[in-house]
Amino acid sequence: MKRIALITGATSGIGKATAESFANAGIDLILCGRRREVLDELKEYFSEKVRVTILAFDVRNQTDVAKAIESLPEEWKNIDILVNNAGNAHGLEPIQDGNIADWDAMIDGNVKGLLYVSKAVMPIMVAREKGHIINLSSVAGKYTYPNGAVYCASKSAVEAISEGMRHDLTKYGIKITNIAPGAVETDFSLVRFKGDSERAKKVYEGFDPIQPEDVADAILYAINTPDRVTIADIVLYAKAQAAPTMIHRK
Ligand code: 8X3
């Protein structure tokens, strides 16, 4: 049967790669992001394969999130798969030097934003007694590394929310998958280092980093298991990565 997926942070990186793999699998797409022009381009691109609709909002704005999802026409309301992908790191420094605006952006986006989107979608899944929520956590949610306290805390929160959702939603036939990638080559470091492309490039030098489509493959695997199976947690490291901050570079 045709499925509908809502993906946040769909304009780049893991979100965009997931949209691509879902489109190839014939899954209709609700693409969400902040940049309407990019969403328009993606809509045109993916419409060759599946039905696509777009919603432009910032996950940090609860009113906008609720309004956007409420505005979906009836034929788009039955969301089968929610991919909570939107999120970012801002800054990498000792906690005593941390920037409050960066902390707010990470807590508001990675934690509260994920909750706001889920709050709008979960009742639909509960009413239908089916659905699958994929939460993009990080290896940073499993291991706190130096200079990353608040980012790691925000991803630890995602880990807890995934577990909590599983406790509360399993009885409604809803599956929860937590995905924890390590070093994925996206704009992640460019955003973390506030546009310092030299510094961002160095993060991925000397080893073969995970690509966004590798994470999309894992997500595709999780959504295509038999109905009786839930993939609860997937951790992806780059082959050269032994722990979040331990990368064997050549
Ligand atoms: C991104 C992976 O290890 O840079 O969440 O925190 S890491």
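Elements of the type helices (runs of 4 or more DSSP H) sitting completely within region 120-221 and holding at least 1 residues that are within 22 Å of THR8 (Cβ to Cβ) and away from the ligand (no atom under 11 Å from the Cβ): these cover 149-169, 188-192.
Can you work out which of the residues in region 5-17 that are under 17 Å from GLU185 (Cα atoms) and touching a strand residue (DSSP E or B) at 6+ places or on another chain (Cβ under 9 Å) is most open to solvent (accessible area, probe 1.4 Å)?
Among those that are under 17 Å from GLU185 (Cα atoms) and touching a strand residue (DSSP E or B) at 6+ places or on another chain (Cβ under 9 Å), it is LYS16.
Residues being closer than 19 Å to TYR145 by Cβ and in a loop (DSSP other than H, G, I, E, B): count how many of those fall in region 240-250.
Looking only at that region, the number is 5.
Of the residues in region 151-174, not one is of a type in the set (Val, Ile, Thr), open to solvent by 10 Å² or more (accessible area, probe 1.4 Å), more than 20 Å from the chain's Cα centre (by Cα) and under 28 Å from ALA101 (Cα atoms). Out of all the residues in region 181-203, is one or more closer than 24 Å to ALA127 by Cα and open to solvent by less than 50 Å² (accessible area, probe 1.4 Å)? For region 181-203, residues closer than 24 Å to ALA127 by Cα and open to solvent by less than 50 Å² (accessible area, probe 1.4 Å): absent. Can you spot a residue in region 73-81 that is more than 18 Å from LEU136 (Cβ to Cβ) and β-branched (Val, Ile, Thr)? Within region 73-81, none of the residues are more than 18 Å from LEU136 (Cβ to Cβ) and β-branched (Val, Ile, Thr). Among the residues of region 46-60, just one is under 15 Å from ASN110 (Cα atoms) and open to solvent by 60 Å² or more (accessible area, probe 1.4 Å), namely ARG60. Screening ASN135, ASN78 for residues that are open to solvent by 20 Å² or more (accessible area, probe 1.4 Å) and modelled with pLDDT of 95 or more leaves exactly one candidate, ASN78. Evaluation of VAL65 against the conditions (1) surrounded by 20 or more Cβ atoms within 10 Å (Cβ to Cβ); (2) β-branched (Val, Ile, Thr); (3) within 27 Å of ILE210 (Cβ to Cβ) shows that the sole unmet condition is (3).
Scan region 204-221 for residues that are open to solvent by 50 Å² or more (accessible area, probe 1.4 Å) and in contact (Cβ under 8 Å) with a residue 60 or more places away in the chain and jot them down.
Once the filter is applied, which keeps residues that are open to solvent by 50 Å² or more (accessible area, probe 1.4 Å) and in contact (Cβ under 8 Å) with a residue 60 or more places away in the chain, region 204-221 yields GLN211, GLU213, ASP217.
Of the residues in region 18-25, at least one is under 18 Å from the mean Cα position of the chain (by Cα), modelled with pLDDT of 95 or more and open to solvent by 40 Å² or more (accessible area, probe 1.4 Å). Kindly check whether there is at least one residue in region 148-170 that is within 19 Å of LYS239 (Cα to Cα) and in contact with a helix residue (DSSP H, G or I) (Cβ under 8 Å, 6 or more places away or on another chain). Checked against the condition, which is being within 19 Å of LYS239 (Cα to Cα) and in contact with a helix residue (DSSP H, G or I) (Cβ under 8 Å, 6 or more places away or on another chain), region 148-170 yields no hits at all.
Give region 222-235 a look and list any residue that's within 16 Å of the ligand (Cβ to nearest atom) and either open to solvent by 60 Å² or more (accessible area, probe 1.4 Å) or not in a strand (DSSP E or B) (or both), or say none. Of everything in region 222-235, those that are within 16 Å of the ligand (Cβ to nearest atom) and either open to solvent by 60 Å² or more (accessible area, probe 1.4 Å) or not in a strand (DSSP E or B) (or both) turn out to be ASP233, VAL235. Looking across VAL52, VAL65, one residue alone is under 28 Å from ASP227 (Cα atoms), away from the ligand (no atom under 16 Å from the Cβ), in contact (Cβ under 8 Å) with a residue 12 or more places away in the chain and aliphatic (A, V, I, L, M). It is VAL52.
The values are calculated or read from the model by the stated rules, or taken from the named source; none is laboratory data. On a predicted model such as this, the values are computed, not experimentally measured, just so you know. Backbone-built Cβ (ideal geometry, glycine too); neighbour counts: all protein chains shown. Quick note on the areas: whole protein, heavy atoms, side chains included, nothing else; ligands and nucleic acids left out. Shrake-Rupley method; radii C 1.70, N 1.55, O 1.52, S 1.80 Å.
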